[in-house]
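Have a look at the structure below before the remarks.
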Amino acid sequence: LGIPPIQIAECLHGLLAYGATIFPQAIAQGSTWNPELIQEMASAIADEASSVGVDQALSPLFDLIRDPRYGRNEECYAEDPYLVGEIGKAFVIGMQGKPEETILRIPENKIMCTAKHFAGYSVPWAGINLAPASIGEREMRTLHLYPFEKAVKEANVYAVMPSYNE
């Protein structure tokens, strides 16, 4: 049909590829409280990834650290919805470009982002990855959806990966 494939890659803290630059894991990125630094880092990751043909990153995570037993806490920025929203938004803008520039296309040397995992993925029963999450509506709306709303409304994130817990 002539439809070009979308080449995806993990880019949480650098392009997951031999010889690529690796930056600190997301939990360390969040501890900087420095959206400008994260935007600069994400721009460097996008430049590297786009240079080898990557179109879309399976990054960043907008999950909140709410349970220390959760086995993927290092992939999360923080426990605070505001901080996660700001750091995640900066990451998306660094990877994709400024929202006003990404309305119709992604600029050169930039790649699409995937906000994940929508939503409440990081609070599974007993901290077990893929287990059911028991979250009330208020907690979901006030905590877990807030960072995703920022990514969509303020950073024009191109994709959202659904949560895949039970």
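The values are calculated or read from the model by the stated rules, or taken from the named source; none is laboratory data. All figures in this text were calculated on a predicted structure; none of them were measured in a lab. All Cβ positions, glycine included, derive from the backbone under ideal geometry; neighbour counts span all protein chains shown. Please note that ligands, DNA and RNA were not included when accessible areas were found on the heavy atoms of the full protein model with its side chains. Shrake-Rupley method; radii C 1.70, N 1.55, O 1.52, S 1.80 Å.
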Checklist entry - Would you call Ser134 hydroxyl-bearing (Ser, Thr, Tyr), within 15 Å of Gln29 (Cβ to Cβ) and in contact with a Phe, Trp or Tyr (Cβ under 8 Å, 6 or more places away or on another chain)? => result no
Checklist entry - What number of residues in region 66-100 are part of a loop (DSSP other than H, G, I, E, B) and under 16 Å from Lys153 (Cα atoms)? => result 2
Checklist outcome for this item: Looking across region 68-115 at residues that are at pLDDT below 95 and among the basic types (Lys, Arg), the single one that is surrounded by the most Cβ atoms within 10 Å (Cβ to Cβ) is Arg72
Next on the checklist: Can you tell me which of (1) over 22 Å from Met140 (Cβ atoms); (2) in a loop (DSSP other than H, G, I, E, B); (3) of a type in the set (Gly, Ala, Ser) is the one Ala28 doesn't meet?
Outcome noted: (2)
Checklist entry - Can you tell me which residue in region 116-132 is nearest to Asp47 (Cα to Cα), limited to those that are open to solvent by less than 80 Å² (accessible area, probe 1.4 Å) and assigned to a helix (DSSP H, G or I)? => result Gly127
Item to check | All positions within region 133-145 that are open to solvent by 70 Å² or more (accessible area, probe 1.4 Å) and either modelled with pLDDT of 95 or more or part of a helix (DSSP H, G or I) (or both) | outcome: Glu137, Arg138, Arg141, Thr142
Checklist outcome for this item: Listed by first then second residue, the pairs whose first member lies in region 18-46 and is of a type outside the set (Asp, Glu), whose partner is open to solvent by 60 Å² or more (accessible area, probe 1.4 Å) and assigned to a helix (DSSP H, G or I), with beta carbons under 8 Å and at least 6 positions apart or on separate chains, are Gln25/Glu74; Ala26/Glu74; Ile27/Glu74
